[in-house]
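See below for the structure under consideration.
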Amino acid sequence: SRLSFRNASGPFRCLGKLSFRPRSYQMVPLIMALKLDIVRLLIADDVGVGKTIEALLIAKELYDRKEISRFAIVCLPHLCDQWQDELKSKFGIEAVIIRSGTVTGLERQIRSNETIFKAFPFQIISIDYIKGEQKRQVFIDHCPELIIVDEAHTCARPAGANTAQQLRHSLVHKLSQKENQHIVLLTATPHSGKESEFTSLLGLLNPSFTKINIGDASAAERKELAKHFIQRRRADIVKWLGEETQF
């Protein structure tokens, strides 16, 4: 009861039933997301700052506001269990893992005319399971309203002939072409040193961003990009609004 009434008079509905208290700086991506009609964010905070928390706060808030009814986390296969634990322990959300070893069991729980991508409201999906041509289109057609892409740098358009990365980029690129699709990209290393790969990531937020040269960008271009891109180093948030942050 006490948790339910906590922050009840504030602007965020998701804070009442969390098993933790987010730090002030972790609320910034949420505020940015709520300013956008269609959420397209690249969260590039450093390792340990809390990208997982920041992304899930956005998902929980949009869900509690009834702006979305389903969401999915698309990640590398070995990270699926970690995401599932975070969702359950911190947000009280039971999500299903969709990858090669779990699909048969999940399909037994649904009707024959249903697809697992539509039947379960909260999904954690191995990107390597859905990047292939056979599964990709089914997922794109039936995916939830919000997609969170973890380790998004692995979905940049590769400068070389990296077939696996090309398939990942093709998947997320096609998702980004859906008109009302909310997408949150997470990576601690957005820039690999190759400008074209970084620009391809920005293009997933807005196709016009592919034409921006960051070094020579105008003030108007930077201002527009800043609505969709956030990056904090550990040193930036060691002390945020009087909070002690231990790493």
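Points worth noting:
- Of all aspartates and glutamates in the structure, those lying under 12 Å Cα to Cα from Lys178, and not within fewer than 8 positions of it along the same chain, are Asp141, Glu145.
- Annotation: amide H of Ile183 within the under-5 Å range of Val39, Arg40, Leu41, Ile147, sequence separation 5 or more or interchain, hydrogens built in the peptide plane.
- Of Lys51/Lys90; Lys88/Lys227; Lys51/Lys88, those spanning more than 21 Å from alpha-carbon to alpha-carbon: Lys88/Lys227
- Whole-Å distance, taken between Cα centres, linking the stretch 195-229 and the stretch 48-104: 27 Å
- Electrostatic dipole magnitude of the stretch 1-118 [Cβ: Lys, Arg +1; Asp, Glu -1; Cα centre; debye, to 20]: 420 debye
- Under a Gaussian network description of the chain, with springs only between Cα atoms under 10 Å, the residue in Arg108, Arg23, Arg65 that fluctuates furthest is Arg108.
- Chain lengthening between Thr115 and Ile38 when straightened (0.36 nm per residue, less Cα-Cα): 25.2 nm
- Top of Arg70, Arg222, Arg136 by mean-square fluctuation, Gaussian network on the chain, Cα under 10 Å: Arg222
- Placing R0 at 25 angstrom, the Cβ-Cβ distance between Glu221 and Asp81 gives a FRET efficiency of 0.05 after rounding to 0.05.
- Neighbourhood charge, 15 Å Cβ-Cβ cut-off, centred on Leu225 and excluding it, Lys, Arg +1 and Asp, Glu -1: +2
- Residue with peak Gaussian network fluctuation, the chain [Cα springs, cutoff 10 Å], from His228, His153, His142: His142
- Val47-Ala235 pseudo-label distance in nm [points 7 Å out on the Cα-to-Cβ vector]: 1.8 nm
- Of the labelled figures (i) 19.7; (ii) 12.9; (iii) 14.9, only one reflects mean projected area of the Cα convex hull in nm² as derived from the coordinates, namely (iii).
- Under DSSP loop assignment and at most 12 Cβ neighbours within 10 Å, longest GluC sites (Glu not before Pro)-free interval of the chain: 1-93
- Fully extending the segment from Lys17 to Asp141, taken as 0.36 nm per residue of separation minus the present Cα-Cα distance, adds 41.4 nm.
Since every read-out is calculated from the coordinates, none of them should be taken as a lab result. Only a predicted model underlies this, so the values are computations on that prediction, with no experimental measurement involved. Methodologically, a virtual Cβ is constructed for each residue, glycine included, from the backbone with ideal geometry; neighbour enumeration extends over all protein chains shown.
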